[in-house]
1. Criterion first (under 17 Å from residue 1 (Cα atoms), open to solvent by less than 60 Å² (accessible area, probe 1.4 Å), assigned to a helix (DSSP H, G or I) and at pLDDT 95 or above) does residue 111 satisfy it?
2. Any idea which residue in segment 128-151 is nearest to the chain's Cα centre (by Cα), counting only those that are in contact (Cβ under 8 Å) with a residue 12 or more places away in the chain and under 25 Å from residue 4 (Cβ atoms)?
3. May I ask you to list the residues in segment 4-41 that are in contact (Cβ under 8 Å) with a residue 40 or more places away in the chain and on the phi > 0 side of the Ramachandran plot?
4. Limited to segment 1-15, what total is found for residues that are assigned to a helix (DSSP H, G or I), open to solvent by 20 Å² or more (accessible area, probe 1.4 Å) and among the hydroxyl-bearing types (Ser, Thr, Tyr)?
5. Report, ordered by the first and then the second residue, all pairs with beta carbons closer than 6 Å, sequence separation of six or more or different chains, a first member in segment 42-54 that is within 15 Å of residue 11 (Cα to Cα) and touching a residue at least 12 places away in the same chain (Cβ under 8 Å), and a second member that is of a type outside the set (Ser, Thr, Tyr) and not in a helix (DSSP H, G or I).
6. Among residues belonging to segment 56-96 that are assigned to a loop (DSSP other than H, G, I, E, B) and touching a residue at least 40 places away in the same chain (Cβ under 8 Å), point out the one that is most open to solvent (accessible area, probe 1.4 Å).
7. If you take the residues of segment 16-37 that are open to solvent by 50 Å² or more (accessible area, probe 1.4 Å) and not in a helix (DSSP H, G or I), which of them is farthest from residue 1 (Cα to Cα)?
8. Please enumerate the residues belonging to segment 97-108 that are under 16 Å from residue 12 (Cα atoms), touching a residue at least 12 places away in the same chain (Cβ under 8 Å) and either polar (S, T, N, Q) or part of a helix (DSSP H, G or I) (or both).
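The values are calculated or read from the model by the stated rules, or taken from the named source; none is laboratory data. Because the structure is predicted, anything quoted here is derived from the model rather than measured. Ideal geometry is used to build each Cβ from the backbone, glycine not excepted, and the neighbour counts take in all protein chains shown. Please note that ligands, DNA and RNA were not included when accessible areas were found on the heavy atoms of the full protein model with its side chains. Shrake-Rupley method; radii C 1.70, N 1.55, O 1.52, S 1.80 Å.
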Amino acid sequence: MAITDKIYVKNHRQLASQLETSIPKGAFKGATLDLLFQGEGLEKLDEASRERVLDFAQDFLDCGCDTNPYCGHPERKFMRYLLELRAGGLGPEAIVDVMSDDYMVYAYPGDVLSFLDDSVRTLEAVEALADVEDNDEVERAAGTKKRELSG
């Protein structure tokens, strides 16, 4: 299961009540993405919530694909965001706090930790394969990224 399947809308019930509609708790579920992408009813949200929802839509749903928001780019952008927070020195609990403040979404710190651990293991595999293939550039890049996420 991808980390984006474990990202939830903070204050889910309050937002659903303001929007006067039912939305899934998962931030990357189809109905949630539809609501954000189409922007229908967002004017019903209080100003602070609307700003965060619009920031989320702008930062993660903005691509030129015909199948947007179902093209996979929103999920990849969000995973990159999490990895950048980790590379910036934040631990899983701090990452959850930042994503909650930035976008009104949350995850469990253990899920974020598992995602980060999986990412490091993937980079270790890339580094080892690059070594076998004598691709020093890729090996160095993977090693650098791995250290950023591990430190």
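1. Values: under 17 Å from residue 1 (Cα atoms): yes; open to solvent by less than 60 Å² (accessible area, probe 1.4 Å): yes; assigned to a helix (DSSP H, G or I): yes; at pLDDT 95 or above: yes.
In short, yes.
2. Narrowing segment 128-151 to residues in contact (Cβ under 8 Å) with a residue 12 or more places away in the chain: 130, 138-139, 142-143, 145-146, 148-151.
Among the residues that remain, those that are also under 25 Å from residue 4 (Cβ atoms) are: 142, 145-146, 148-151.
Numbers: 142: 21, 145: 18, 146: 19, 148: 18, 149: 16, 150: 19, 151: 20 Å.
The selected residue is 149.
3. The answer is 11, and nothing else.
4. First, the residues of segment 1-15 that are assigned to a helix (DSSP H, G or I): 3-6, 12-15.
This time we only want the ones that are open to solvent by 20 Å² or more (accessible area, probe 1.4 Å), so: 5-6, 12-14.
Filter once more, keeping what is among the hydroxyl-bearing types (Ser, Thr, Tyr): none.
The number of residues fulfilling the criteria is 0.
5. Note: pairs meeting the criteria are 52/104.
6. Keep residues of segment 56-96 that are assigned to a loop (DSSP other than H, G, I, E, B), which gives 61-72, 88-91.
Those still in the list that are touching a residue at least 40 places away in the same chain (Cβ under 8 Å) too: 70, 89.
Details: 70: 121, 89: 55 Å².
Filtering first and then ranking leaves 70.
7. Within segment 16-37, the match that is farthest from residue 1 (Cα to Cα) is 20.
8. Quick first cut of segment 97-108, residues under 16 Å from residue 12 (Cα atoms) only: 99-108.
Going one step further and asking which of them are touching a residue at least 12 places away in the same chain (Cβ under 8 Å), we end up with 99-100, 102-108.
Across segment 97-108, the qualifying residues are 99, 100, 102, 103.
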